Amino acid sequence: MTAGEGQSAVAMKKESLSPAPARSRAAGMEKVERRSSFARQPSLRLLLAERSEEVLPILLDEIVRMGYPRAFIASSNFESGQIAVSAEVNCPANYIKRFSTFLWSGDDPLVGVLHKGEPAVLPHAALNRRALYAHPLIFRNRTRCWEAERSRQSDCLAVLNDRSVRRMALQEQTCTACEMRGYAYVVGVDLPKTTTERQLNELRSIIELSNRYLSRLFKVEHYYNRMRDMDVVIAQMETVLASMADPVILTDPQHRVITQNKAAERFFSIPDNASEGAQRALELNNLLFSAALSSMAMSGTDSSRDLTLVDAKEGEEVLFEAVTAPTYSREGLRTGLVTVMRDVTDLRKADQEVRQNLEKLMQAEEIVRQDRDRMSLVIEAVGDPIIVADNAGKPVQFDSLAAQLFGKIGEDVRDQGRVRNLVKLSAYLTAFTFAFGQTEEGKLKLYHPPSDTHVEFNTRSGKILDARGQVSHTVTVLRDLSALRKVEELRVQARMLEMEKFAATGRLAGTIAHEVNNPMEAIKNSIHLLQNRVKPGAEPVYEILKSETDRVARIVRQMLGLYRSSSQVGGFDINRVVEDTLALFGRQLERAGVTTALDLGKIPPVVGSADQFRQILSNLVVNAKDAMAQLDAPNPIPNGESSVSDKKLRLYLRTRHLSGSATGRVVVTIADTGSGIPQNIRDSMFEPFVSSKGEKGTGLGLWIVRGITQSHGGKIRVRSQEGRGTVFQIYLPVVRS
């Protein structure tokens, strides 16, 4: 081994090129060792280099073999801008540190060499104040790269660096044509004291030769890395295609399939074990697909089209929406089509259902419109005021009759009567809107402008709920029942009078029949006693007397049956009867100014007829109302005393259960603050045709009350005081458990 070879071997051990691994450097050294003798020439050694990392060690080795004592190579990092020695031969550590700098250090001689792109001899820059030969290694070439040649671009980085038309800059060391990142090194060689121009030319030639090989290997590695990146991208794209549920097909300009995913193979690829029917279906799919692509290509505007294919596995038709997009080369030439087919079978069915539902909705809307028109006609024909309010209780719509009472919506109402009506209506609507009930009935006394009177209206309100169950609107109907109440009162009075007359007639007939029945029973007994004493010749006369007597007895029994009620007898609730009766006469009592107090206790059922007991209460309530009506006319009393007309008119009804022997009794109390019963008729007030009302009364009411009470096994008590009122108490037995 020569001295130069020994020095190169030492340099190979010391070099630290980045980022090549140590084993790669060792492999490169072993290759150099195995070279044959003909490979000792520099050009041949550089030609045998397979990687860019192998060029720099060979260059340093050749420089040392040329007789130079020491040399180094400083590399530039374009990311950080730092320049540092990456390989050296026979260079001390403190000597290497002198050449660590940055690309933006303009006063540094190494940076100046890089920026100029030309070699230079730097005096006193080496050890012992010797001269240093600095030569730049920059990615350069005299011909453009393949991409620049193909696209006819003139701004190839290698050519621009070779012509030295641009200064070194971080952002500019990337080729715009091939996107390759350049490199920048500075080779530093210590020159002997005496160095000829020929020696410098030889040194320059070997360095430039190494740079050409280095540029070529950098370019090859760039293409190799791009191929690897493209393989990764292709693998990723294939994975994406395989994971897509929709069929994806890539075709060439002649619509021939280049590649497709598994979802597309189901509809277009014919497997080896496919049946004849499946083969025909798949062939038809391919034919339809090619025809659709040709049609879209001919139109030039359509990018999507519906396509019906056959699923060979399921045997069903599937509706697809084929969406296509063209692919282009770098030169802008069309290279094929990418087609994505979306299964829109369910979407089309949903679209049809939506259309059908829309049609039904339109029909329903027409029906609603007709119903609304009919409802408007009905509202106008009802003849009662109708008010529609929102969820805040504010009226939003009046019909014509309601407008007479409250004015039109949005109108400035100044009439005092209508203003008061609006205040009452607003209070009522607000209370109902925020109440829990869905419907409500009440009363409103309003001013009626057409008749200039105050009318009491019955109100009936209901709520309209939205989809969330919240109140959307309320509807209120006002009904004037004054005329109907008057007719009803007259009808009730006539019915009561008729009932009293009928009851009196029945009672009179019963009384007569009862009086006749007693002697008839005596006659029948006498005839029975004469049965064995009649002479044989008088028997026909006896039989006639007996049969006619029986006939008269039957007639008397029939007259007694006329009075006896045929109502169904059983257990009934007295409290319910009291409430019903009070509800029946409530309007009359209210108009008469009578205040009603009801105190119902917990009582058991009573044996008897509910209708007959209702007749008892009706008679007593009417008598109490009439007795209190006699106090309406003022009757001033001398000496400043108040008259009975100053008293408050009250009617009090109470029910109680009195426990005692057996099951006890039920007592019903009816008390009033009327004029009381006159003293002269108290002893005979339960007799028929006895009345304190004069010509207005029949005198049969209390007589019927006592008769029904006695027929139920009960009794009646009366307490009365003129000018203060009367108390009736009716005692009835209860149902046995």
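The values are calculated or read from the model by the stated rules, or taken from the named source; none is laboratory data. Source: prediction; values computed, not measured. Heads up, the Cβs are rebuilt from the backbone with ideal geometry, glycines too, and the neighbour counts pull from every protein chain shown. Note: accessible area is taken over every heavy atom of the protein model, side chains too, but ligands, DNA and RNA are not part of it. Shrake-Rupley method; radii C 1.70, N 1.55, O 1.52, S 1.80 Å.
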Subset of the range 436-449 (residues that are open to solvent by 50 Å² or more (accessible area, probe 1.4 Å) and either farther than 26 Å from Gln416 by Cβ or not assigned by TED's automatic domain parsing to the domain that holds Val419 (or both)): Phe436, Gln438, Thr439, Glu440, Glu441
Failed criterion for Phe432 (all others in (1) at pLDDT 85 or above; (2) assigned to a helix (DSSP H, G or I); (3) within 30 Å of Gln615 (Cβ to Cβ) hold): (3)
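Here's the yes/no breakdown for (1) in contact with a strand residue (DSSP E or B) (Cβ under 6 Å, 6 or more places away or on another chain); (2) among the hydrophobic types (A, V, I, L, M, F, W, C); (3) at pLDDT 85 or above:
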position	(1), (2), (3)
Glu590	no, no, yes
Ile603	yes, yes, yes
Asn623	no, no, yes
Asp632	no, no, no
Pro636	no, no, no
Subset tally (residues that are among the aliphatic types (A, V, I, L, M) and touching a Ser or Thr at 6+ places or on another chain (Cβ under 8 Å)) for the range 433-464: 3
Residue that is least open to solvent (accessible area, probe 1.4 Å), among those in the range 68-89 that are part of a loop (DSSP other than H, G, I, E, B) and more than 19 Å from Leu122 (Cα to Cα): Gly81
Of the criteria (1) outside any helix (DSSP H, G or I); (2) under 21 Å from Ser215 (Cβ atoms); (3) at pLDDT below 90, which one Asp107 fails: (2)
Checking Gly315 against (1) touching a Pro at 6+ places or on another chain (Cβ under 9 Å); (2) at pLDDT below 85; (3) not charged (D, E, K, R), the condition it does not meet: (1)
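Okay, residues lined up against (1) at pLDDT 80 or above; (2) farther than 30 Å from Ile512 by Cα; (3) part of a loop (DSSP other than H, G, I, E, B); (4) open to solvent by 60 Å² or more (accessible area, probe 1.4 Å):
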{"site": "Gly537", "(1), (2), (3), (4)": "no, yes, no, yes"}
{"site": "Tyr542", "(1), (2), (3), (4)": "no, no, no, no"}
{"site": "Val556", "(1), (2), (3), (4)": "no, no, no, no"}
{"site": "Met559", "(1), (2), (3), (4)": "no, no, no, yes"}
{"site": "Asn575", "(1), (2), (3), (4)": "yes, yes, no, no"}
{"site": "Glu579", "(1), (2), (3), (4)": "yes, yes, no, yes"}
{"site": "Leu582", "(1), (2), (3), (4)": "yes, yes, no, no"}
{"site": "Gly586", "(1), (2), (3), (4)": "yes, yes, no, no"}
Some residue of the range 184-194 being among the polar types (S, T, N, Q) and open to solvent by less than 80 Å² (accessible area, probe 1.4 Å): no
Residue check, Lys486 of a type in the set (Lys, Arg) and not assigned by TED's automatic domain parsing to the domain that holds Asp399: yes
Number of positions in the range 450-463 that are open to solvent by 80 Å² or more (accessible area, probe 1.4 Å) and under 42 Å from the mean Cα position of the chain (by Cα): 1
Filter pass, Phe289 being closer than 20 Å to Ala263 by Cα, touching a residue at least 60 places away in the same chain (Cβ under 8 Å) and among the aromatic types (Phe, Trp, Tyr): no
Scope the range 247-268; condition open to solvent by less than 60 Å² (accessible area, probe 1.4 Å), out of contact with any helix residue (DSSP H, G or I) (no Cβ under 7 Å at 6 or more places or on another chain) and assigned to a loop (DSSP other than H, G, I, E, B); matching residues: Asp252
Candidate set: the range 462-504, residues that are in a helix (DSSP H, G or I) and among the small types (Gly, Ala, Ser); chosen: the one modelled with the lowest pLDDT: Ala503
Index of the failed condition, Pro21 passing every other in (1) surrounded by 15 or more Cβ atoms within 10 Å (Cβ to Cβ); (2) more than 21 Å from Glu202 (Cα to Cα); (3) at pLDDT below 50: (1)
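In the range 149-166, is there at least one residue being modelled with pLDDT under 90 and of a type in the set (Val, Ile, Thr)?
The answer is yes; a qualifying residue exists.
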Checking Ser215 against (1) open to solvent by 70 Å² or more (accessible area, probe 1.4 Å); (2) of a type in the set (Gly, Ala, Ser); (3) closer than 21 Å to Ala74 by Cα, the condition it does not meet: (1)
Restricting the range 43-60 to residues that are touching a Lys or Arg at 6+ places or on another chain (Cβ under 8 Å) and of a type outside the set (A, V, I, L, M), the residue that is most open to solvent (accessible area, probe 1.4 Å): Glu53
Any chance Met180 is open to solvent by 80 Å² or more (accessible area, probe 1.4 Å) and more than 48 Å from the chain's Cα centre (by Cα): no
For Arg305: the one exception among (1) surrounded by 15 or more Cβ atoms within 10 Å (Cβ to Cβ); (2) of a type in the set (D, E, K, R); (3) touching a residue at least 24 places away in the same chain (Cβ under 8 Å): (3)
Candidates Thr673, Thr669, Thr596, Thr655, filtered to the one that is assigned by TED's automatic domain parsing to the domain that holds Gln721, open to solvent by 50 Å² or more (accessible area, probe 1.4 Å), at pLDDT 85 or above and within 16 Å of Val727 (Cβ to Cβ): Thr596
Residue within the range 273-281 that is part of a loop (DSSP other than H, G, I, E, B) and open to solvent by 40 Å² or more (accessible area, probe 1.4 Å) present: yes
